[in-house]
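Enquirer: Okay, here's the structure, questions in a sec.
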Amino acid sequence: MDGIKKCINGHFFREDLEKCPFCTEGNDKNNQTENKIKKKFDVAFIVNLVRVFFSKFLKKLKFSKNEGDPLFSFLKNKTFYFHFVLASFTTILLFFAWLKYIDYETGHGKEFPLKNYQSVDVHDLESLSEQDNIIFVIIDSVYTDSVDKGTVFTQDPLPNTFVKEGRKIYLTINSQNTQKFFVPDVFNKSEREAVVNLTENFRVNLIKNKNYSEESSVVTSLKVGGVEIFAGQELLKGTMITVIFGNGRNMNIIPVPDLTGADLDLSQLLLHELSLKVGEIFYEGVITDSLMIVVVKQYPTSERKLQSGDEVDLYFKQVPDTSNTLLDE
């Protein structure tokens with residue numbers, strides 16, 4: 001027959017096919033069957049292997065019970081105890097060696113009292129650092145006449161503090177440059193005004209007598225180290241000034257006006273008419289238009305009474321612009 005071929009198994013198929021489709025289908029089925037058998041064999045082999053292992057283990061365990069528990073027979077062996085003691089001793093020895101190593105690394109038990117380095121010249125710090133096995137760190141400089149220029153003013157930690165080698169010591173140095181400021185005129189001024197003006201460049205120590213009054217007492221004298229000083233003198237920045245108060249003002253008291261709602265120009269005018277002055281000005285919130293700010297708070301308040309020349313601090317806040325709203329209406 002034209003166009004027909006016959007395979008070795010006697011199957012007839014078309015000539016254009018390379019292989020007999022009947023034989024190919026049979027081979028696929030055979031391969032699938034073989035794979036299934038192989039998988040079953042692999043699973044059975046593993047299960048059988050596990051079963052044999054546990055069977056031998058159970059037999060050995062049963063044998064151990066019958067033979068008087070030979071699993072713990074090592075407890076009757078002197079070699080075991082020898083190795084146990086040796087291992088314990090080695091562990092303890094290593095533990096103490098580790099503790100010693102930690103002490104060595106941290107310098108435990110090697111603390112020493114810190115020297116007083118005040119008035120030591122900065123050029124000598126490097127040699128002292130190597131000699132005392134510490135590290136100096138300069139963190140600040142001040143202007144003072146209590147120690148020489150270019151020397152240590154303060155240290156942290158303080159002298160006689162126990163420290164270890166390599167500890168950092170933080171130093172404040174007296175500047176080598178002389179920075180002086182003029183003493184402001186605070187005579188016959190109130191405590192508040194004097195402190196504000198003096199603390200800008202100096203330190204302040206206030207001395208008040210038993211008759212001190214916040215309303216009538218004023219600055220009567222200034223002293224540095226027991227020596228009286230006057231306005232216009234030059235002193236080093238940070239100098240301690242002793243401020244002494246007395247009852248040197250007149251007793252004409254001025255009621256503080258209520259400035260709430262007033263703008264800056266009106267506030268200055270009202271205070272000037274009462275012989276008072278505008279002190280510090282503070283702003284609250286966001287200010288976008290300086291013409292729309294008004295006083296919302298003041299110090300001293302309107303309940304207080306002051307004397308001529310005293311200051312009033314003002315707190316301003318911007319108010320919303322209502323002009324556009326009124327025009328719309």
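Enquirer: Looking at 152, 163, 147 in this structure, which one is at pLDDT 90 or above, closer than 30 Å to residue 136 by Cα, surrounded by 14 or more Cβ atoms within 10 Å (Cβ to Cβ) and assigned by TED's automatic domain parsing to the domain that holds residue 128?
Expert: Within the list 152, 163, 147, the selection yields 152.
Enquirer: Do we have any residue at all in the stretch 210-218 that's assigned to a strand (DSSP E or B), out of contact with any Gly (no Cβ under 8 Å at 6 or more places or on another chain) and in the same structural domain as residue 187 (by TED's automatic domain parsing)?
Expert: No, the stretch 210-218 contains no residue that is assigned to a strand (DSSP E or B), out of contact with any Gly (no Cβ under 8 Å at 6 or more places or on another chain) and in the same structural domain as residue 187 (by TED's automatic domain parsing).
Enquirer: Right, next: If you go through the stretch 237-260 one residue at a time, do you hit one that is acidic (Asp, Glu) and free of Cβ contacts under 8 Å to residues at least 12 places away in the same chain?
Expert: No: zero hits.
Enquirer: Continuing with this model, one more query. Restricting to the stretch 280-317, name every residue that is surrounded by 16 or more Cβ atoms within 10 Å (Cβ to Cβ) and touching a helix residue (DSSP H, G or I) at 6+ places or on another chain (Cβ under 8 Å).
Expert: 293, 295, 310, 311, 312, 314, 316
Enquirer: Sort through 136, 153, 84 and tell me the only one that's part of a helix (DSSP H, G or I) and among the aromatic types (Phe, Trp, Tyr).
Expert: Testing whether each residue is part of a helix (DSSP H, G or I) and among the aromatic types (Phe, Trp, Tyr) leaves just 84.
The values are calculated or read from the model by the stated rules, or taken from the named source; none is laboratory data. Nothing here was measured: the structure is a model prediction, and the numbers come from that model. Virtual Cβ from ideal backbone geometry, glycine too; neighbours counted across all protein chains shown.
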